[in-house]
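Visitor: Starting off with a structure, shown below.
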Amino acid sequence: MPKPQTEEYGWCAVPRNRTNLPSKATANTPPVGVDFDVIWPKTDLVRKAQDYIQTALPQETYNHSLRVYCYGHTMVSLHFKPWIAKAREAFFETWALTCLFHDLASTPQNRRETHMSFEFHGGFLALEKLQSLGAPKAQAESVCEAIIRHQDPGDTGTISRMGQLVQIATEFDVIKSVVQQLPRLKWSSCFSKTIEAEIAEKEWCHTTVLDGFSQAVAGNKLMEPYE
């Protein structure tokens, strides 16, 4: 294995059961505002990746990807400062790339071109595309692994910081100020239909391990006012 670049690209191990996360009682999260244009990375790699993804994803999924970035950025900035102590810019660049690519394989075209579950196919698509855009191998691999495991919660073992962050940030699509900047566009309905379509096309897919997932997404009462 090449020399690990763990800090900057989010490769450090964290517990898969999320015992490293602050509880509601201990978080003490202050009210925060989020300005997407301020926190979004402006690197050439992110710009090229964003240009590609904008042409590949429907607007609903693209907006979701940018919202996920905002939530993860806020979580890390408030509660996981050691994660970015040594390489803030590289970590958030990698986080932006993970968010942009994490649902790429959910599109009808990408679903149809493989037998693989969308998380696995999406990870490999990201790995290939990011390296073609000039991303370092360790960074592209971090994005790939995070995407493959982004619907893989559990109680045993470990996961990378980047993988854990994309898990919790995709579950936490709830912040009002972010939704105002990046509208949901009936995301709950859109994603629920995508889940059902993949299961109908690929009865073996990894999404089937999440029992009742489609129904839970479609019935997201918390986000109804913002749909």
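Where a number appears in this text, it was derived from the coordinates with a stated rule and is not lab data. Nothing here was measured: the structure is a model prediction, and the numbers come from that model. Here Cβ is always computed from backbone atoms with ideal geometry, including for glycine, and neighbour counts include all displayed protein chains.
Visitor: To make sure I understand the rule: partners must be aspartates and glutamates, Cα under 15 Å from the Cα of Lys86, and not fewer than 8 residues away in the same chain. Which ones qualify?
Guide: List returned: Glu7, Glu8.
Visitor: Given Cβ point charges of +1 (Lys, Arg) and -1 (Asp, Glu) and nothing else, what value in debye, to the nearest 20, does the dipole of the stretch 16-139 about its Cα centre take?
Guide: For this selection, approximately 420 debye.
Visitor: Hey, another quick one. Using 7 Å Cα-to-Cβ label points, what is the Phe36/Leu21 separation (nm, one decimal)?
Guide: A separation of 2.3 nm, rounded to one decimal place.
Visitor: Longer than 30 Å from Cα to Cα, which of Lys42/Lys137; Lys137/Lys193; Lys81/Lys193 are they? Say none if no pair is.
Guide: Lys137/Lys193; Lys81/Lys193
Visitor: Each residue of the stretch 111-126 in order: what ³J(HN,Hα) in whole Hz does its phi give by Karplus 6.51 cos²θ - 1.76 cosθ + 1.60, θ = phi - 60°, with x for Gly and Pro?
Guide: Here the 3J(HN,Hα) series is 5, 6, 8, 8, 8, 6, 4, 5, 5, 5, 4, x, x, 5, 4, 5 Hz.
Visitor: Here's something else I'd like to know. At most 14 other Cβ atoms within 10 Å and a DSSP loop assignment: could you name the trypsin sites (Lys or Arg not before Pro) in the stretch 56-102 that fit?
Guide: Answer by residue number: Lys86.
Visitor: Please work out the FRET efficiency for the pair Lys86 and Gln59, using the Cβ-Cβ distance as r and a Förster radius of 30 Å; give the result to the nearest 0.05.
Guide: The value I calculate is 0.25.
Visitor: Please compute the net charge surrounding Ile148, taking Lys and Arg as +1 and Asp and Glu as -1 over other residues with Cβ under 11 Å from its Cβ.
Guide: Counting the neighbours of Ile148, the net charge comes to -3.
Visitor: I want the local charge near Ala87. Using Cβ-Cβ distances under 11 Å, sum +1 for each Lys or Arg and -1 for each Asp or Glu among the other residues.
Guide: Charge balance near Ala87 sits at -2.
Visitor: For a quick protection proxy, order the peptides 90-103, 135-148, 156-169 by their average other-Cβ count within 10 Å, most packed first.
Guide: 90-103, 135-148, 156-169
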